[in-house]
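First comes the structure, then the notes that go with it.
The values are calculated or read from the model by the stated rules, or taken from the named source; none is laboratory data. Bear in mind that the values here come from a model prediction, so they are computed numbers and not experimental data. Don't worry about glycine lacking a Cβ; one is built from the backbone with ideal geometry, like all the others, and counts go over all protein chains shown. Only protein heavy atoms, including side chains, enter the accessible area calculation; ligands, DNA and RNA are left aside. Shrake-Rupley method; radii C 1.70, N 1.55, O 1.52, S 1.80 Å.
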Amino acid sequence: TRFCLSRGLGDVYKRQCMNWSEINLNNWVLWLGLGIVALAILIWIYIRLHEKLPYELNETILTERERAFYRILKPIADKLELQICPKVRVADIVSIKKGTKDWQKWFNKIRSKHVDFLLCDYDMNIVLMIELDDRSHESERAKKNDALKNAIFGGRLVRIRSLKDDVEAEITAALKKL
């Protein structure tokens, strides 16, 4: 196998060919350059594979208020033989009808929203959604989000304003309406 290099000088070209066995380390600059490039690529790959991610694990997925409500809700759900799923995305509860025009626009309206608690039967069929409303729901943006959830879920959405409310009675009343 022959290795050829063409060197140009104006209109005159000189072709220099040699066998691979004749190539020696006289071109040390070329080999050094190739080695540096190869090393740089390996370092880049190593850094990308061992890059520290900027995430840290939260201690809980619920706020203090949500945990307090969960403790109230748990015995009620057990009594009604329902499962509690906290912080479920709206996009995991509903889907957009096939053939809907501007599908992405409608999906964008729900993709980052969630309900505080979802109650399901033991086969994980959706029964009821629960939202804990507090002062944060008084802003215009929150009111708009609440109106969207109300429109989507209708009577399957129960809003709890105070943890002192009779939660069991509200849930039971909502279940009777279904």
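Quick check on SER6: is it open to solvent by 100 Å² or more (accessible area, probe 1.4 Å), among the small types (Gly, Ala, Ser) and either modelled with pLDDT of 55 or more or over 30 Å from ASP134 (Cα atoms) (or both)? No: the conditions fail for SER6. Considering segment 120-140, the residues that are part of a helix (DSSP H, G or I) and within 28 Å of THR172 (Cβ to Cβ) include one that is most open to solvent (accessible area, probe 1.4 Å), namely ARG135.
Keeping to segment 126-178, report how many residues are basic (Lys, Arg) and either touching a helix residue (DSSP H, G or I) at 6+ places or on another chain (Cβ under 6 Å) or under 19 Å from LYS109 (Cα atoms) (or both). So the answer is 5. The lone criterion from (1) closer than 26 Å to ARG71 by Cα; (2) open to solvent by 100 Å² or more (accessible area, probe 1.4 Å); (3) of a type in the set (Ser, Thr, Tyr) left unmet by THR172 is number (2).
Looking at segment 90-119, which of the residues that are of a type in the set (Val, Ile, Thr) and in contact with a strand residue (DSSP E or B) (Cβ under 9 Å, 6 or more places away or on another chain) is most open to solvent (accessible area, probe 1.4 Å)? Among those that are of a type in the set (Val, Ile, Thr) and in contact with a strand residue (DSSP E or B) (Cβ under 9 Å, 6 or more places away or on another chain), it is ILE93.
Do we have LYS87 as surrounded by 10 or more Cβ atoms within 10 Å (Cβ to Cβ), under 20 Å from the mean Cα position of the chain (by Cα), among the basic types (Lys, Arg) and over 15 Å from ILE171 (Cβ atoms) here? Here the answer is yes, as LYS87 does meet what is asked.
Taking the conditions (1) within 24 Å of the chain's Cα centre (by Cα); (2) open to solvent by 50 Å² or more (accessible area, probe 1.4 Å) in turn, LYS149 satisfies each one other than (2). Of the residues ALA40, ALA77, the single one that is surrounded by fewer than 16 Cβ atoms within 10 Å (Cβ to Cβ) and not charged (D, E, K, R) is ALA40.
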